[in-house]
Amino acid sequence: MSDIDIRDFFRLEDALPCEYKLISSDQIATQDPETQFDYSEEIQLMAQLKELQRQGKGLLERIDRQNAEIAAYLTNLDQQVELIGRRVLFNEIQTPDNFRSKLVDISVGGAGLFIEELLPEESYVALRVLFDEGAWVLTCFARIRYSRMLEGSSHYRSGIEFVSLPLEYQKLINRYLLNRQTTARQEQIRANQNGDVL
């Protein structure tokens with residue numbers, strides 16, 4: 001098997017849950033993508049907790065070098081928050097009409113959107129996407145570049161281009177793709193060592 005290309009990470013089985021709303025070009029110029037979705041109080045709380053976790057990561061690393069017991073306790077608290085967050089997001093995903101669509105073949109520039117309706121080319125959508133089983137949420141605008149019905153299916157695939165994606169999200173997507181690449185290469189090495197064929 002040849003080296004894995006970053007463009008090949010996302011395959012259908014790795015699809016990310018997402019939801020979208022068709023919007024006008026005027027809304028992109030005058031609104032924030034976050035305002036297009038109704039977030040439960042629980043989701044908002046989890047977003048705040050995630051931000052606090054990110055802020056405390058460097059502090060935790062310093063504490064770990066100075067006091068292993070306190071670091072272990074704080075790590076345990078982080079894991080508890082993570083478990084609660086996954087349950088909240090799981091409940092959100094199970095809500096009818098939420099996260100029924102899938103995002104695949106993602107890159108910093110765009111992705112493929114699997115949906116149940118044909119969207120007009122050059123139209124715009126607001127997107128909300130769950131990464132890493134809800135570890136973080138991408139909310140952004142995108143332009144529809146093409147739409148076509150999937151062969152043998154009642155669903156459609158739309159090629160989308162992200163619009164004015166903030167640098168922070170670009171970095172998060174790049175990190176996500178690099179992590180996927182690392183995992184895929186490790187699996188490839190293990191398979192080669194075991195004589196398996198991927």
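The values are calculated or read from the model by the stated rules, or taken from the named source; none is laboratory data. These numbers come from a predicted model, not from an experiment. Note that we place each Cβ from the backbone using ideal geometry, even for glycine, and neighbour counts take in every protein chain shown.
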Residues of segment 155-175 being closer than 24 Å to residue 28 by Cα and assigned to a loop (DSSP other than H, G, I, E, B), in sequence order, are 164, 165, 166
Name the single residue, out of those in segment 53-67 being of a type outside the set (Val, Ile, Thr) and surrounded by 12 or more Cβ atoms within 10 Å (Cβ to Cβ), that is modelled with the highest pLDDT. 67
Of all residues making up segment 107-122, the number that are surrounded by fewer than 17 Cβ atoms within 10 Å (Cβ to Cβ), of a type outside the set (Asp, Glu) and under 22 Å from residue 26 (Cα atoms): 3
When residues of segment 177-198 are filtered for being surrounded by 13 or more Cβ atoms within 10 Å (Cβ to Cβ) and either in contact with a helix residue (DSSP H, G or I) (Cβ under 7 Å, 6 or more places away or on another chain) or more than 30 Å from residue 54 (Cβ to Cβ) (or both), how many remain? 4
Which condition number does residue 152 fail, the rest of (1) at pLDDT 90 or above; (2) part of a loop (DSSP other than H, G, I, E, B); (3) not aliphatic (A, V, I, L, M) being met? (1)
Here is a list of conditions, (1) within 30 Å of residue 38 (Cβ to Cβ); (2) among the hydroxyl-bearing types (Ser, Thr, Tyr); (3) not in a strand (DSSP E or B), and residue 147 meets all of them except one; can you say which number that is? (3)
Within segment 1-32, the count of residues that are modelled with pLDDT of 85 or more, surrounded by 11 or more Cβ atoms within 10 Å (Cβ to Cβ) and not aromatic (Phe, Trp, Tyr) comes to 11
Can you find a residue in segment 75-90 that is of a type outside the set (D, E, K, R), modelled with pLDDT of 80 or more and either in a strand (DSSP E or B) or in contact with a helix residue (DSSP H, G or I) (Cβ under 7 Å, 6 or more places away or on another chain) (or both)? no
